[in-house]
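Report on the structure given below.
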Amino acid sequence: MRYLLLGIFVFLSVAQAQAETFTTGDFAYGYPLTVNGNGAICSLFLPEEIYGGVTRKDLGDIRLFNAGGDIIPHTIRRQQLESSKLSATENVPLFPLYTHMQRRTNGDLSLLINRKPDGTIIQLDTTDSGEGQPDKSLYGYLLDMSRIEEHPARLELQWEDSGDHFLTTVNLHHSDDLAKWTSLSLNNTVAELNYSGDRIYRNSIPLPQKTQKYIQLTWPVGKPQIVLKSVKVISRPLQLKRQRQWTELQGIRGEDSRMVFEYISAAYLPVDAVNLSFQEKNSIIKATIKSRADEDAQWRIRARGVFYNLEFEEGEIRNEIVTINQTVDKLWRVEVSQDGAGLDLINPPPALALGWTPHELLFIARGAPPFMVAYGSGKLTHDTEAGSSTMILQALKKSKSITSSVQIGKRMRLGGEGVLEIPPPPKPWKKWILWGVLVSGVLIMIRMVWSLQKQMAKTAKGD
């Protein structure tokens, strides 16, 4: 039994010695950090270079050090909005405007409108005071925004089916009293086009930060009229601390087809939006965007649709960005099914834009400054814990005023590129020692049983 206890002690001692400890030299690069304020928890957003320097897609090879070289607790979290803080949609009351109203009011629409005390429009007088048939030529709409409580971000127009190609520009003016009007947004292109069975429907008009109670939506003289069915206002959601960033990739033609283009991202970016851009104007394609983690993985469809950059006399229209489920894949592919951009000739592949929102890194300012965020280490394999601490998030839930901002310095070379290589797996000393202890224990038990049987046999002979 004495030997068994000795073996267990040896095993525990070796296991403790084998526990990994890290220094800044175990990481390829780092950024010095300067803390602004006295908050116990510090916050910064990860720069793109860190995503390109880590060896793990879960960012598990990031560590925080203080000036004494001690590892300090940290956590990494995505920026997310609560569902209650996302954008909302409301219908906007709209009233058609005709040219005979301009003649009667000389631009002062307040002469034609009945309003409640709170400013809400009750009725718009469309009768003609002149002799003969009124000129009922439609030139725009009056939108009543007085009851919109949330901050409006954009207008969405729904119009009668034109049955054909439709494209025009509209101007927005706003006012608080219906008498004095100022420009809000000019030359906004709206369109409904068809391309190989797909519809290009551009009906969204972005709004500036500040909008007054009433909006006039009009179009230039001689331009096609818009017969609106409804107008909706999309409220401005709560802004994230750090907005989406874009990284553009240049592609090469695939080996299998001239209409397949491949792209490689140099970083594990948390991509949640994609788009295509063309070097030449008036380009349009129908394409599928795919991605995969590595050469052995299957391609997964991330987006499909019509991508375009079209220029008309009335203005220019581009497709809107496409939001996708977040992925950190590095390999991307664009498969073109219908080409209206001359890609099968000499034109270069479209550029693939990846939209991503940086993670927020939180750490506890324990120990002496300056602090260092170190990243990129082959020693921190996927078998190693990521090092994040949930205690920080729990502390943040209790108090939102304990964080300090962090100023990030210039990148420093620590261990260099050499530490990015994954070292050969260590010999399983712990397993060998454990098996040795177990085998020794079994042998000791066998010896004890054998000794006991021998002693019992001697006793029996003596009797």
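Return the whole-Å distance between the Cα centroid of segment 429-459 and the Cα centroid of segment 153-217.
88 Å
Suppose R0 equals 51 Å. What FRET efficiency, 1/(1 + (r/R0)^6) with r the Cβ-Cβ distance, do Lys136 and Arg78 give to the nearest 0.05? Can you show the working numbers first?
Numbers: r = 54 Å, r/R0 = 1.07.
E between Lys136 and Arg78, to the nearest 0.05, is 0.40.
Under a point-charge model restricted to the Cβ atoms of Lys and Arg (+1) and Asp and Glu (-1), what is the dipole moment magnitude of segment 245-356 relative to its Cα centre, in debye to the nearest 20? All intermediate terms of the calculation are to be shown ahead of the outcome.
On the way: 12 positive and 18 negative charges, 59 e Å.
Computed about the Cα centre, the dipole is about 280 debye.
Residues with amide H under 5 Å of Asn319's amide H, sequence separation 5 or more or different chain, H placed in the peptide plane at 1.01 Å from N; which?
Tyr308
If you add up the charges near Ile200, with Lys and Arg at +1 and Asp and Glu at -1, over every other residue whose beta carbon is less than 12 angstrom from its beta carbon, what do you get? Walk me through the numbers on the way to the answer.
Values: positive: Arg199, Arg202, Lys286, Arg318; negative: Glu192, Asp198, Glu320.
It works out to a net charge of +1.
Using only Cα atoms, locate the centre of segment 32-62 and the centre of segment 273-299, then give the distance between them in Å, rounded to an integer.
30 Å
Counting only Cα, what are the radius of gyration and maximum Cα-Cα distance Dmax of segment 17-64, in Å?
Here Rg and the maximum Cα pair distance are 13.2, 39 Å.
With labels modelled as points extended 7 Å from the Cα through the Cβ direction, what inter-label distance (nm, one decimal) is found for Asn171 paired with Asn282?
My value for the distance between the label points is 2.7 nm.
Taking the mean number of other Cβ atoms within 10 Å as a proxy for protection, how do you rank 41-48, 244-251, 257-264 from highest to lowest? Please report the intermediate quantities before stating the final value.
Numbers: 41-48: 18.6, 244-251: 14.5, 257-264: 16.9.
For the peptides 41-48, 244-251, 257-264, the packing ranking is 41-48, 257-264, 244-251.
Of Thr247, Trp332, Gln279, whose Cα points farthest to the positive end of the dipole of segment 245-356 (charges on the beta-carbon: +1 Lys, Arg; -1 Asp, Glu; origin at the Cα centre)?
Trp332
Can you tell me which of 350-361, 274-285 comes out highest on packing, and rank the rest after it, using the mean Cβ neighbours within 10 Å?
On the way: 350-361: 20.9, 274-285: 17.7.
Result, highest mean Cβ count within 10 Å first: 350-361, 274-285.
Using only the Cα atoms of segment 270-372, what semi-axes does the equivalent ellipsoid have when each is the square root of 5 times a gyration tensor eigenvalue? Give whole Å, largest first. Can you show the working numbers first?
Values: eigenvalues 251, 69, 28 Å².
Result for segment 270-372: semi-axes of 35, 19, 12 Å.
Starting from the 7 Å offset along Cα-to-Cβ, what nm value, one decimal, do you get for the label separation of Arg292 and Ser404?
Placing both labels 7 Å along Cα→Cβ, they lie 4.8 nm apart.
Using Cα pairs closer than 8 Å and at least 6 residues apart in sequence, work out the relative contact order for segment 245-356, in percent. Mind showing how you got there, number by number?
Details: 260 pairs, mean separation 49.5, N = 112.
Relative contact order here is 44 percent.
Using label points projected 7 Å from each Cα along Cα→Cβ, tell me how many nm separate Ala368 and His151, to one decimal.
4.4 nm
For Ala153, which sequence-distant residues (separation of 5 or more, or a different chain) have an amide H within less than 5 Å of its own amide H, given hydrogens modelled in the peptide plane?
Here Ile234, Ser235, Arg236 satisfy the definition.
Which residues does a label at Ser257 reach in segment 269-311, if reach means a backbone N under 16 Å from a point 7 Å past the Cα toward the Cβ?
285-291, 299-307
Based on the Cβ-Cβ distance from Glu311 to Ala179, what FRET efficiency comes out when R0 is 51 Å, to the nearest 0.05?
On the way: r = 37 Å, r/R0 = 0.73.
According to the calculation, E is roughly 0.85.
Every read-out reported here was derived from the displayed coordinates using simple, explicitly stated rules and does not represent laboratory data. These numbers come from a predicted model, not from an experiment. Note that each Cβ is placed from the backbone with ideal geometry, even for glycine, and that neighbours are counted across all protein chains shown.
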